[in-house]
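Down below is the structure, laid out as C-alpha coordinates.
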Amino acid sequence: MTLLGKVFTVLIFIMSILFMGFSVVVFATHRNWKMLVDNPSATERYPLGLKQQLQAQVETNKGLRAELDGLRNQLAVEMAARRSALSTLETKLADAQQRLAQKESELAGLQSAQTEATAAINLAETRLKELVIDIQKLRDEIRVVQAQRDEFYQRVVDLTDKLYSAAGVERNLKEREAQLIAEISKYKRVTDVLGVNPNMPVESIAPPLDGIVTAVGDKNLIEVSLGSDDGLRVGHRVEVFRDNNYLGSAMVLKTDPDRAVAQVDEKSQRGLIKVRDRVATKLTRT
(Lines give C-alpha, C1' and ligand atoms only; values in the text may rest on other atoms or scores of the structure.)
Protein backbone atom coordinates (compact mmCIF):
# COMPACT_ATOMS: atom_id res chain seq x y z
CA MET A 1 0.00 0.00 0.00
CA THR A 2 1.36 3.43 -0.96
CA LEU A 3 1.60 6.39 1.40
CA LEU A 4 -1.43 7.97 -0.29
CA GLY A 5 -3.47 4.84 0.30
CA LYS A 6 -2.48 4.79 3.97
CA VAL A 7 -3.50 8.45 4.31
CA PHE A 8 -6.91 7.75 2.76
CA THR A 9 -7.35 4.71 5.03
CA VAL A 10 -6.66 6.82 8.14
CA LEU A 11 -9.02 9.56 6.93
CA ILE A 12 -11.83 7.04 6.34
CA PHE A 13 -11.27 5.57 9.81
CA ILE A 14 -11.40 9.04 11.47
CA MET A 15 -14.59 9.97 9.56
CA SER A 16 -16.22 6.68 10.64
CA ILE A 17 -15.46 7.43 14.31
CA LEU A 18 -16.82 10.98 13.87
CA PHE A 19 -20.07 9.72 12.30
CA MET A 20 -20.47 7.15 15.08
CA GLY A 21 -20.05 9.92 17.71
CA PHE A 22 -22.68 12.04 15.98
CA SER A 23 -25.13 9.11 16.00
CA VAL A 24 -24.56 8.44 19.73
CA VAL A 25 -25.07 12.13 20.63
CA VAL A 26 -28.31 12.35 18.61
CA PHE A 27 -29.65 9.13 20.15
CA ALA A 28 -28.70 10.19 23.73
CA THR A 29 -30.39 13.58 23.47
CA HIS A 30 -33.62 12.29 21.90
CA ARG A 31 -36.79 12.80 23.93
CA ASN A 32 -40.43 12.24 23.03
CA TRP A 33 -41.65 15.81 23.41
CA LYS A 34 -44.95 14.99 21.78
CA MET A 35 -45.85 12.55 24.58
CA LEU A 36 -44.85 15.12 27.22
CA VAL A 37 -47.08 17.78 25.67
CA ASP A 38 -49.97 15.71 24.21
CA ASN A 39 -50.71 12.51 26.19
CA PRO A 40 -54.44 11.80 26.74
CA SER A 41 -53.84 9.02 29.28
CA ALA A 42 -51.14 8.89 31.96
CA THR A 43 -48.76 5.92 32.03
CA GLU A 44 -45.84 4.88 34.21
CA ARG A 45 -43.40 6.31 31.69
CA TYR A 46 -45.27 9.42 30.57
CA PRO A 47 -47.60 11.48 32.84
CA LEU A 48 -50.70 13.19 31.61
CA GLY A 49 -49.77 15.59 28.80
CA LEU A 50 -49.38 19.29 29.48
CA LYS A 51 -52.09 19.99 26.92
CA GLN A 52 -54.59 17.71 28.73
CA GLN A 53 -53.67 19.20 32.11
CA LEU A 54 -54.27 22.68 30.73
CA GLN A 55 -57.65 21.65 29.28
CA ALA A 56 -58.70 20.19 32.65
CA GLN A 57 -57.77 23.43 34.40
CA VAL A 58 -59.72 25.42 31.79
CA GLU A 59 -62.81 23.25 32.31
CA THR A 60 -62.53 23.70 36.08
CA ASN A 61 -62.21 27.44 35.61
CA LYS A 62 -65.32 27.48 33.41
CA GLY A 63 -67.29 25.56 36.06
CA LEU A 64 -66.24 27.97 38.77
CA ARG A 65 -67.16 30.93 36.60
CA ALA A 66 -70.60 29.43 35.97
CA GLU A 67 -71.05 28.80 39.68
CA LEU A 68 -70.01 32.38 40.38
CA ASP A 69 -72.52 33.73 37.86
CA GLY A 70 -75.28 31.60 39.42
CA LEU A 71 -74.47 32.91 42.87
CA ARG A 72 -74.47 36.47 41.60
CA ASN A 73 -77.83 35.94 39.92
CA GLN A 74 -79.20 34.38 43.09
CA LEU A 75 -77.92 37.31 45.09
CA ALA A 76 -79.51 39.77 42.69
CA VAL A 77 -82.84 37.95 42.97
CA GLU A 78 -82.64 37.89 46.70
CA MET A 79 -81.73 41.57 46.87
CA ALA A 80 -84.65 42.42 44.63
CA ALA A 81 -86.98 40.32 46.80
CA ARG A 82 -85.71 42.04 49.91
CA ARG A 83 -86.29 45.49 48.45
CA SER A 84 -89.74 44.45 47.41
CA ALA A 85 -90.48 43.09 50.89
CA LEU A 86 -89.17 46.23 52.51
CA SER A 87 -91.33 48.39 50.30
CA THR A 88 -94.34 46.28 51.12
CA LEU A 89 -93.55 46.49 54.82
CA GLU A 90 -93.23 50.26 54.66
CA THR A 91 -96.57 50.68 52.87
CA LYS A 92 -98.31 48.26 55.18
CA LEU A 93 -96.50 49.30 58.36
CA ALA A 94 -99.64 50.53 60.05
CA ASP A 95 -101.53 47.34 59.26
CA ALA A 96 -98.57 44.98 59.89
CA GLN A 97 -97.48 45.90 63.39
CA GLN A 98 -98.67 42.53 64.66
CA ARG A 99 -96.57 40.81 61.96
CA LEU A 100 -93.48 42.86 62.71
CA ALA A 101 -91.81 40.14 64.69
CA GLN A 102 -92.41 37.62 61.91
CA LYS A 103 -91.09 40.00 59.26
CA GLU A 104 -88.06 40.80 61.38
CA SER A 105 -87.39 37.09 61.63
CA GLU A 106 -87.68 36.80 57.87
CA LEU A 107 -85.37 39.78 57.51
CA ALA A 108 -82.84 38.10 59.77
CA GLY A 109 -83.07 34.97 57.60
CA LEU A 110 -82.50 36.96 54.46
CA GLN A 111 -79.55 38.71 56.05
CA SER A 112 -78.10 35.36 57.03
CA ALA A 113 -78.52 34.09 53.47
CA GLN A 114 -76.90 37.24 52.21
CA THR A 115 -73.96 36.70 54.52
CA GLU A 116 -73.58 33.14 53.31
CA ALA A 117 -73.83 34.24 49.70
CA THR A 118 -71.22 36.90 50.31
CA ALA A 119 -68.94 34.33 51.93
CA ALA A 120 -69.50 32.01 48.98
CA ILE A 121 -68.67 34.81 46.55
CA ASN A 122 -65.49 35.64 48.47
CA LEU A 123 -64.51 31.97 48.43
CA ALA A 124 -65.18 31.77 44.71
CA GLU A 125 -63.14 34.89 44.07
CA THR A 126 -60.26 33.47 46.14
CA ARG A 127 -60.47 30.22 44.19
CA LEU A 128 -60.57 32.18 40.96
CA LYS A 129 -57.38 34.05 41.90
CA GLU A 130 -55.69 30.75 42.74
CA LEU A 131 -56.74 29.34 39.37
CA VAL A 132 -55.42 32.42 37.62
CA ILE A 133 -52.08 31.98 39.40
CA ASP A 134 -52.01 28.28 38.51
CA ILE A 135 -52.82 29.01 34.88
CA GLN A 136 -50.05 31.61 34.77
CA LYS A 137 -47.61 29.07 36.19
CA LEU A 138 -48.70 26.55 33.57
CA ARG A 139 -48.21 29.12 30.85
CA ASP A 140 -44.72 29.88 32.16
CA GLU A 141 -43.91 26.17 32.24
CA ILE A 142 -45.22 25.76 28.70
CA ARG A 143 -43.03 28.66 27.53
CA VAL A 144 -39.99 27.08 29.19
CA VAL A 145 -40.76 23.71 27.60
CA GLN A 146 -41.26 25.36 24.21
CA ALA A 147 -37.95 27.19 24.57
CA GLN A 148 -36.20 23.92 25.45
CA ARG A 149 -37.89 22.23 22.51
CA ASP A 150 -36.75 25.00 20.15
CA GLU A 151 -33.22 24.73 21.54
CA PHE A 152 -33.13 20.97 21.01
CA TYR A 153 -34.61 21.36 17.56
CA GLN A 154 -31.92 23.91 16.65
CA ARG A 155 -29.25 21.53 17.91
CA VAL A 156 -30.71 18.77 15.76
CA VAL A 157 -30.72 21.10 12.75
CA ASP A 158 -27.08 22.09 13.39
CA LEU A 159 -26.01 18.47 13.77
CA THR A 160 -27.93 17.54 10.62
CA ASP A 161 -26.18 20.34 8.69
CA LYS A 162 -22.82 19.14 9.97
CA LEU A 163 -23.72 15.56 9.02
CA TYR A 164 -24.69 16.59 5.48
CA SER A 165 -21.53 18.69 5.22
CA ALA A 166 -19.40 15.76 6.37
CA ALA A 167 -21.22 13.49 3.91
CA GLY A 168 -20.43 15.96 1.11
CA VAL A 169 -16.76 16.05 2.13
CA GLU A 170 -16.71 12.26 2.23
CA ARG A 171 -18.30 12.08 -1.21
CA ASN A 172 -15.75 14.55 -2.62
CA LEU A 173 -12.88 12.61 -1.04
CA LYS A 174 -14.18 9.34 -2.50
CA GLU A 175 -14.48 10.94 -5.94
CA ARG A 176 -10.95 12.34 -5.64
CA GLU A 177 -9.73 8.94 -4.46
CA ALA A 178 -11.28 7.27 -7.51
CA GLN A 179 -9.66 9.89 -9.76
CA LEU A 180 -6.25 9.40 -8.14
CA ILE A 181 -6.57 5.60 -8.38
CA ALA A 182 -7.42 5.93 -12.08
CA GLU A 183 -4.46 8.27 -12.66
CA ILE A 184 -2.11 6.00 -10.72
CA SER A 185 -3.33 3.04 -12.82
CA LYS A 186 -2.58 5.00 -15.99
CA TYR A 187 0.90 5.94 -14.72
CA LYS A 188 1.52 2.31 -13.71
CA ARG A 189 0.63 1.06 -17.18
CA VAL A 190 2.90 3.68 -18.76
CA THR A 191 5.84 2.81 -16.47
CA ASP A 192 5.31 -0.92 -17.10
CA VAL A 193 5.33 -0.38 -20.86
CA LEU A 194 8.40 1.86 -20.69
CA GLY A 195 10.14 -0.41 -18.15
CA VAL A 196 10.64 2.45 -15.71
CA ASN A 197 11.08 1.71 -12.03
CA PRO A 198 8.97 4.19 -9.98
CA ASN A 199 11.49 3.91 -7.11
CA MET A 200 14.35 5.07 -9.29
CA PRO A 201 15.76 8.48 -8.21
CA VAL A 202 14.74 11.23 -10.62
CA GLU A 203 18.29 12.60 -10.68
CA SER A 204 19.54 9.41 -12.35
CA ILE A 205 17.14 9.76 -15.32
CA ALA A 206 18.56 11.78 -18.16
CA PRO A 207 16.32 14.26 -19.99
CA PRO A 208 15.69 13.60 -23.68
CA LEU A 209 18.77 15.08 -25.42
CA ASP A 210 20.29 14.76 -28.86
CA GLY A 211 23.87 15.63 -29.85
CA ILE A 212 26.97 14.45 -31.72
CA VAL A 213 30.35 12.90 -30.94
CA THR A 214 32.93 15.69 -31.05
CA ALA A 215 36.05 13.60 -30.27
CA VAL A 216 37.12 9.97 -29.83
CA GLY A 217 39.93 9.14 -27.41
CA ASP A 218 41.75 6.17 -25.90
CA LYS A 219 40.25 3.66 -23.44
CA ASN A 220 36.85 3.87 -25.19
CA LEU A 221 36.44 7.52 -24.16
CA ILE A 222 34.38 9.87 -26.30
CA GLU A 223 33.48 13.54 -26.07
CA VAL A 224 29.92 14.64 -26.89
CA SER A 225 28.37 18.05 -27.59
CA LEU A 226 26.00 17.82 -24.61
CA GLY A 227 26.90 19.33 -21.21
CA SER A 228 25.60 20.22 -17.78
CA ASP A 229 23.73 23.23 -19.21
CA ASP A 230 21.65 20.76 -21.24
CA GLY A 231 20.77 18.75 -18.10
CA LEU A 232 23.34 15.98 -18.58
CA ARG A 233 24.84 14.65 -15.32
CA VAL A 234 27.58 12.21 -14.31
CA GLY A 235 26.14 8.69 -14.38
CA HIS A 236 23.71 9.31 -17.24
CA ARG A 237 23.88 7.01 -20.25
CA VAL A 238 23.90 8.10 -23.90
CA GLU A 239 23.22 5.93 -26.94
CA VAL A 240 25.51 6.22 -29.97
CA PHE A 241 24.19 5.59 -33.51
CA ARG A 242 24.94 6.44 -37.11
CA ASP A 243 21.98 6.78 -39.44
CA ASN A 244 19.89 3.73 -38.53
CA ASN A 245 22.78 1.71 -37.12
CA TYR A 246 23.12 1.34 -33.37
CA LEU A 247 26.77 1.55 -32.28
CA GLY A 248 26.54 1.15 -28.46
CA SER A 249 25.99 3.01 -25.21
CA ALA A 250 28.30 5.10 -23.01
CA MET A 251 28.22 6.31 -19.42
CA VAL A 252 28.97 9.97 -18.67
CA LEU A 253 32.11 10.34 -16.50
CA LYS A 254 32.60 14.13 -16.57
CA THR A 255 30.48 17.11 -17.58
CA ASP A 256 31.26 20.68 -18.57
CA PRO A 257 28.68 23.34 -19.36
CA ASP A 258 28.77 22.65 -23.12
CA ARG A 259 30.32 19.17 -23.38
CA ALA A 260 30.83 15.89 -21.56
CA VAL A 261 33.18 12.89 -21.50
CA ALA A 262 31.67 9.38 -21.57
CA GLN A 263 33.10 5.85 -21.60
CA VAL A 264 31.72 3.38 -24.17
CA ASP A 265 30.37 0.12 -22.77
CA GLU A 266 32.30 -2.63 -24.59
CA LYS A 267 29.50 -5.16 -24.04
CA SER A 268 26.98 -3.01 -25.87
CA GLN A 269 29.35 -1.74 -28.60
CA ARG A 270 28.36 -2.91 -32.09
CA GLY A 271 30.62 -0.85 -34.29
CA LEU A 272 33.44 1.66 -34.50
CA ILE A 273 32.44 5.05 -33.12
CA LYS A 274 33.58 8.08 -35.10
CA VAL A 275 33.42 11.86 -34.84
CA ARG A 276 30.05 13.29 -36.00
CA ASP A 277 28.18 10.12 -34.96
CA ARG A 278 24.86 10.90 -33.30
CA VAL A 279 24.26 10.51 -29.55
CA ALA A 280 20.96 10.62 -27.65
CA THR A 281 19.85 9.93 -24.10
CA LYS A 282 16.73 8.15 -25.40
CA LEU A 283 16.22 6.25 -28.63
CA THR A 284 12.86 6.48 -30.41
CA ARG A 285 11.47 4.22 -33.10
CA THR A 286 11.16 5.91 -36.50
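Cross-link partners among lysines for Lys103, C-alpha distance below 30 Å, same-chain residues fewer than 8 apart left out?
Of all the lysines, those that pass the test against Lys103 - Cα under 30 Å, at least 8 places apart if same chain - are Lys92.
Using a 1.4 Å probe, how large is the accessible area of Lys254, given in Å² and rounded to the nearest 10?
The value for Lys254 is about 120 Å².
What accessible area per residue comes out for the chain, rounded to a whole number of Å², with a 1.4 Å probe? The partial results should precede the final answer.
On the way: 21000 Å² over 286 residues.
Computed with neighbouring chains in place, this is 73 Å² per residue.
Taking all protein chains as present, what is the carbon and sulfur share of the accessible area of the chain, in % to the nearest whole number, probe 1.4 Å?
58 percent
How big is the equivalent ellipsoid of segment 57-188 along its three axes, where each semi-axis is √(5λ) from the Cα gyration tensor, reported in whole Å from largest to smallest?
Working: eigenvalues 1482, 22, 9 Å².
After diagonalising the Cα gyration tensor, the semi-axes are 86, 11, 7 Å.
With contacts defined as alpha carbon pairs under 8 Å and 6 or more residues apart, what's the relative contact order of the chain in percent? Display every interim value, and only then the final one.
On the way: 270 pairs, mean separation 32.8, N = 286.
Over the chain, the number comes to 11 percent.
Once you put a point 7 Å from the Cα of Thr43 and another 7 Å from the Cα of Ala119, both along the Cβ direction, what distance in nm separates them?
Taking the simple label geometry, Thr43 and Ala119 are separated by 4.8 nm.
For the chain, how big is Rg over Rh, using alpha carbon atoms and the Kirkwood form of Rh?
When Rh is taken as the Kirkwood radius, the ratio is 1.73.
Checking understanding here: applying a Kyte-Doolittle mean of at least 0.0 and a length along the axis of at least 30 Å (C-alpha), which whole DSSP H helices in the chain pass?
On the way: long enough: 3-28 (38 Å, 2.40); 50-91 (61 Å, -0.50); 100-194 (138 Å, -0.41).
Membrane-span-like by this criterion, though nothing is claimed about a membrane: 3-28.
Which order do the peptides 212-222, 258-268, 149-159 come out in when sorted by mean C-beta neighbours inside 10 angstrom, highest first? All intermediate terms of the calculation are to be shown ahead of the outcome.
Values: 212-222: 13.9, 258-268: 16.3, 149-159: 11.9.
Ranked from most to least packed, the peptides come out as 258-268, 212-222, 149-159.
Collect residues whose amide H, placed 1.01 Å from N in the peptide plane, falls under 5 Å from the amide H of Ser249; neighbours closer than 5 in sequence don't count.
Val240, Asp265, Ser268, Gln269
Determine the order of Arg83, Arg242 by accessible area, beginning with the largest, at a probe radius of 1.4 Å. Don't skip to the answer; put the middle values down first.
Working: Arg83 130, Arg242 75 Å².
The ordering from most to least exposed comes out as Arg83, Arg242.
Let me check I've understood the local charge: for Asp243, count other residues with C-beta under 11 angstrom from its C-beta, Lys and Arg +1, Asp and Glu -1. What total comes out? Walk me through the intermediate numbers first.
On the way: positive: Arg242, Arg278; negative: Asp277.
That works out to +1.
Please state the shape class of segment 96-159: rounded when a/c is under 1.5, otherwise prolate if a/b exceeds b/c and oblate if not, all from the C-alpha gyration tensor. Intermediate results must be reported in sequence, preceding the final value.
Values: a/c = 15.01, a/b = 11.00, b/c = 1.37.
Judged from the Cα gyration tensor, segment 96-159 comes out prolate (a/c at least 1.5, a/b above b/c).
Give me the accessible area of Ile133, 1.4 Å probe, in Å² rounded to the nearest 10.
Only protein atoms counted, so the area is about 90 Å².
So between Glu130 and Leu64, what do we pick up on full extension, going 0.36 nm a residue minus the alpha carbon distance? Working shown, then result.
Details: separation 66, 0.36 × 66 = 23.76 nm, distance 1.16 nm.
Using 0.36 nm per residue and subtracting the Cα-Cα distance, I get 22.6 nm.
The values are calculated or read from the model by the stated rules, or taken from the named source; none is laboratory data. On a predicted model such as this, the values are computed, not experimentally measured, just so you know. Ideal geometry is used to build each Cβ from the backbone, glycine not excepted, and the neighbour counts take in all protein chains shown. Surface accessibility is based on the protein's heavy atoms, side chains included, excluding ligands, DNA and RNA. Shrake-Rupley method; radii C 1.70, N 1.55, O 1.52, S 1.80 Å.
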